[in-house]
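The values are calculated or read from the model by the stated rules, or taken from the named source; none is laboratory data. All values derive from a computational prediction rather than experimental measurement. Here the Cβ positions follow ideal geometry from the backbone for every residue, glycine too, while neighbour counts run over all protein chains shown.
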Amino acid sequence: MRPARDTRKNEGQIAKMVEKSKIAKQFIQAIPHSSALGMELTEIGDGFARIEMPYAKHLVGDPETGVIHGGAVSALMDTCCGAAAMSHPSSPAGTATIDLRIDYMRPAASGQTLVTEATCYNITRSVAFVRAEAFDDDRDNPVAMATGAFTVER
Amino acid sequence: MARKRPDPVQVIKQRRDAALSALVHGVPYINFLGIEFDRRGDELTAVLPYDDKLIGNPLLPALHGGAISGFLEVTAVIGLSWSVLWDEIEHGQTDAEEIVSGHLPRLPKTIDFTIDYLRSGLPRDAYARAKVNRSGRRYASVHVEAWQDNRARAFAQATGHFLMPRRDG
């Protein structure tokens, strides 16, 4: 009996994971600019989101060093912060950026995927406060940090 | 002794436009967004022609906040770099022909950038102008405003701080 139940449970979990990754894919596909930049949502829930953006030639801001342009980094941060706000348990119906500040600590290493993790650390009836960090392969030294305020549509 | 006659106006214009174009089109991300610069003397207006790939919310539809911030940051960096180059070209320290032939100057690096989204970006062309509030040897502070149909109704503005490229020699 027992093994059978476990198998069922696993199947249920796998189905849930497939469902979740489907939602994640659809989330990015629904945002033309984010999919044009090649973003992939790899985790979302409870006011947290992780989005990855693989290195691509058209994102380069400095052709000499191959470093990605700050604008592409801020697009990634903006999308990730918005996703974190949307995924907050109080489930806003929609969101728009009010303001976003980005600190660029160091250039992203050429050729490496950029990973951004955003947390919605506070939410009121009408405003979501979010912060985010972006990394390349060196996970100890963030490339950039962002803080932003987002509208909460109910 | 008579002063050297200045070059004909179209020669000067062509040289300046070619230098600006080389500076702008040397950056892949600027080409990806499709941003162009319109020059009147030393004043630049950045133009972001509408494209479906710039959309962030297809239901409204509205431009993506990231596309808008990318546009503003490009406007700030090019505006700042151009203002420095303009003076150098005028004073003969930099040769515009050098830039045209691919010897591009290093661009300023963004230290931080704060964007204010005033209203949603409509699915049409957008324009932006940068104002260099301070341009020192090492640091610069730049303000940018972007609008669409109505110049007096900005839809986004930003302030950024930049690290200037080292000028050796």
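Answer yes if at least one residue in the stretch A:79-87 is more than 29 Å from B:Val27 (Cα to Cα) and touching a Cys at 6+ places or on another chain (Cβ under 6 Å), and no otherwise.
Within the stretch A:79-87 (the criterion being more than 29 Å from B:Val27 (Cα to Cα) and touching a Cys at 6+ places or on another chain (Cβ under 6 Å)), the answer is yes, since at least one residue qualifies.
More than 18 Å from the chain's Cα centre (by Cα), within 26 Å of B:Gly41 (Cα to Cα) and at pLDDT 95 or above: does that describe B:Ala128? Full working, then the answer.
Numbers: more than 18 Å from the chain's Cα centre (by Cα): no; within 26 Å of B:Gly41 (Cα to Cα): yes; at pLDDT 95 or above: yes.
Spelling it out, it is not the case that B:Ala128 is more than 18 Å from the chain's Cα centre (by Cα), within 26 Å of B:Gly41 (Cα to Cα) and at pLDDT 95 or above.
If only one of A:Lys25, A:Lys57 is at pLDDT below 95, basic (Lys, Arg) and either surrounded by fewer than 19 Cβ atoms within 10 Å (Cβ to Cβ) or more than 14 Å from A:Val115 (Cα to Cα) (or both), which one is it? Walk me through it before giving the result.
Values: A:Lys57 fails: at pLDDT below 95.
Selected residue: A:Lys25, the only one of A:Lys25, A:Lys57 that is at pLDDT below 95, basic (Lys, Arg) and either surrounded by fewer than 19 Cβ atoms within 10 Å (Cβ to Cβ) or more than 14 Å from A:Val115 (Cα to Cα) (or both).
Among the residues of the stretch B:61-82, count how many are part of a helix (DSSP H, G or I), of a type outside the set (A, V, I, L, M, F, W, C) and within 11 Å of another protein chain (Cβ to nearest Cβ). Give the derivation first.
Keep residues of the stretch B:61-82 that are part of a helix (DSSP H, G or I), which gives B:65-82.
Imposing the further condition that a residue be of a type outside the set (A, V, I, L, M, F, W, C) reduces the set to B:65-66, B:69-70, B:73, B:75, B:79, B:81.
Filter once more, keeping what is within 11 Å of another protein chain (Cβ to nearest Cβ): B:65-66, B:69-70, B:73, B:75.
Residues that pass the stated criteria total 6.
Condition check: within 12 Å of chain A (Cβ to nearest Cβ) and free of Cβ contacts under 8 Å to residues at least 40 places away in the same chain. Does B:Asp51 satisfy that? Before the answer, list the steps.
Working: within 12 Å of chain A (Cβ to nearest Cβ): yes; free of Cβ contacts under 8 Å to residues at least 40 places away in the same chain: yes.
Answer is yes for this residue.
Being within 8 Å of chain B (Cβ to nearest Cβ), assigned to a loop (DSSP other than H, G, I, E, B) and under 14 Å from the mean Cα position of the chain (by Cα) is the filter here, so list the residues in the stretch A:62-104 that pass it.
none
Need pairs with beta-carbon distance below 7 Å; first residue surrounded by fewer than 24 Cβ atoms within 10 Å (Cβ to Cβ) and within the stretch A:70-97, second basic (Lys, Arg) and outside any helix (DSSP H, G or I); sequence gap 6+ or separate chains.
A:Pro92/A:Arg154; A:Ala93/A:Arg154
Say whether the condition of being surrounded by fewer than 20 Cβ atoms within 10 Å (Cβ to Cβ), assigned to a strand (DSSP E or B) and of a type in the set (Gly, Ala, Ser) is met by at least one residue in the stretch B:120-133. It would help to see each step written out before you state the result.
If we filter the stretch B:120-133 for residues that are surrounded by fewer than 20 Cβ atoms within 10 Å (Cβ to Cβ), which is where we start, we get B:120, B:122-125, B:127, B:129, B:131-133.
Still in the running and assigned to a strand (DSSP E or B): B:127, B:129, B:131-133.
Still in the list and also of a type in the set (Gly, Ala, Ser): none.
Taking every residue of the stretch B:120-133 in turn, none turns out to be surrounded by fewer than 20 Cβ atoms within 10 Å (Cβ to Cβ), assigned to a strand (DSSP E or B) and of a type in the set (Gly, Ala, Ser).
If I go through the stretch A:26-61 residue by residue, how many of them are part of a helix (DSSP H, G or I) and at the interface with chain B (Cβ under 8 Å from one of its Cβ atoms)? Steps first, answer last, please.
Initial filter on the stretch A:26-61 (part of a helix (DSSP H, G or I)): A:26-29, A:32-36, A:57-59.
Subset that is at the interface with chain B (Cβ under 8 Å from one of its Cβ atoms): A:32-34, A:36, A:57-59.
Counting residues in the stretch A:26-61 that are part of a helix (DSSP H, G or I) and at the interface with chain B (Cβ under 8 Å from one of its Cβ atoms) gives 7.
Which condition number in (1) crowded, with 23+ Cβ neighbours inside 10 Å; (2) farther than 27 Å from A:Gln26 by Cβ is the one that B:Asp112 fails?
Checking B:Asp112 against (1) crowded, with 23+ Cβ neighbours inside 10 Å; (2) farther than 27 Å from A:Gln26 by Cβ, the one that fails is (1).
Could we say that B:Leu107 is surrounded by fewer than 18 Cβ atoms within 10 Å (Cβ to Cβ) and either over 30 Å from A:Gln29 (Cα atoms) or touching a residue at least 60 places away in the same chain (Cβ under 8 Å) (or both) here?
On the way: surrounded by fewer than 18 Cβ atoms within 10 Å (Cβ to Cβ): no; either over 30 Å from A:Gln29 (Cα atoms) or touching a residue at least 60 places away in the same chain (Cβ under 8 Å) (or both): yes.
Answer is no for this residue.
Condition test on B:Leu85, is it touching a residue at least 60 places away in the same chain (Cβ under 8 Å), surrounded by fewer than 17 Cβ atoms within 10 Å (Cβ to Cβ) and not in a strand (DSSP E or B)? Step through it out loud before you land on a result.
On the way: touching a residue at least 60 places away in the same chain (Cβ under 8 Å): yes; surrounded by fewer than 17 Cβ atoms within 10 Å (Cβ to Cβ): no; not in a strand (DSSP E or B): yes.
Answer is no for this residue.
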